[in-house]
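Everything on this sheet refers to the single structure shown next.
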Amino acid sequence: MRWFKHLTDSYVNLKHREIISDFGLEGYGLYWLCLELIGQQGHNYRLNGSKSWKKALKSASGVSEEKIEKILKRFGELNLICYKSLKKGDLYIPKMKERADEYSVRKSGEYREKVVLEQNRIDKNRIDIVMQAFLDKKKYPKEKDDYTFYYKRYTNTIKRLLLFAKGDTDKVIQAINWFGGLCDKKGLSWTLETIEKWLPEYLAKGQKVGIEAYIKD
């Protein structure tokens, strides 16, 4: 996971207020360290006990093992982490999927299921608009057979792009124009799959995204 969402009013969450009341900012900070460790090294929002995550918490926080155990127990009681998993030695925060970044969600099976469930919501008109913008940018022939071929090939990709952009056709077309222009300038080939790969970062950061490093001089 590259990053996760942190609401600016997290500190007023009642469960977080209890942690701050019981353990001060030490406890609050330890909670976010737990999320960071899972984000870095976890799988499906879980860190197996074999990864010595408690030692990592101690090293990163400077908090004693005894106090970490007390704080973790309180996390479990408040359902900030899964208490049942904690007793087995794992650090598991199932609700972390609500904080997951778009890139991580995109890479998960959960995202693919979401596409299957929601792709029918993407109306044909928006698909046609994006397809035409792509064909115009690529200067593909507009003969009926050619259009049908590319339409069949890219329909599902366009649906996923529109899902990423929450149905905003203009944002998808802006991304196509920018990425396509950048690749053309570098003399590199590109497809809608190229756009799909970088769209989450593009939407999150505008044009300052990792593709700049990918497309080198």
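Since every read-out is calculated from the coordinates, none of them should be taken as a lab result. Note that the structure is predicted; figures quoted are calculated from it, not measured. Every residue, glycine as well, gets a Cβ built from its backbone with ideal geometry; the counts of neighbours run over all protein chains shown.
Given 0.36 nm per residue, what is the gain on full extension from V12 to K67 after removing their alpha carbon distance, in nm?
Numbers: separation 55, 0.36 × 55 = 19.80 nm, distance 2.32 nm.
Separation in residues times 0.36 nm, less the Cα-Cα distance, equals 17.5 nm.
Over 21 Å between Cα atoms: which of K5/K55; K5/K124; K171/K197; K15/K95; K137/K185; K58/K97 fall into that group? Walk me through the intermediate numbers first.
Details: K5/K55 25 Å; K5/K124 32 Å; K171/K197 15 Å; K15/K95 14 Å; K137/K185 13 Å; K58/K97 25 Å.
Distance filter (> 21 Å) returns K5/K55; K5/K124; K58/K97.
Pulled fully out, how much extra length does the chain show between N44 and K88, if you take 0.36 nm times their separation in residues and subtract their Cα-Cα distance? Intermediate results must be reported in sequence, preceding the final value.
Details: separation 44, 0.36 × 44 = 15.84 nm, distance 1.65 nm.
Full-extension gain reported as 14.2 nm.
What percent does the relative contact order of the stretch 10-98 come to when contacts are Cα pairs within less than 8 Å and at least six residues apart?
Details: 80 pairs, mean separation 26.2, N = 89.
Once normalised by length, the contact order is 29 percent.
Please identify every one of the trypsin sites (Lys or Arg not before Pro) in the stretch 16-100 that sits in a loop by DSSP and has no more than 11 other beta carbons within 10 Å of its own beta carbon.
Values: sites: R17, R46, K51, K54, K55, K58, K67, K70, K73, R74, K84, K87, K88, K95, K97, R99; in loops: K88, R99.
Sparse-neighbourhood loop trypsin sites (Lys or Arg not before Pro): K88.
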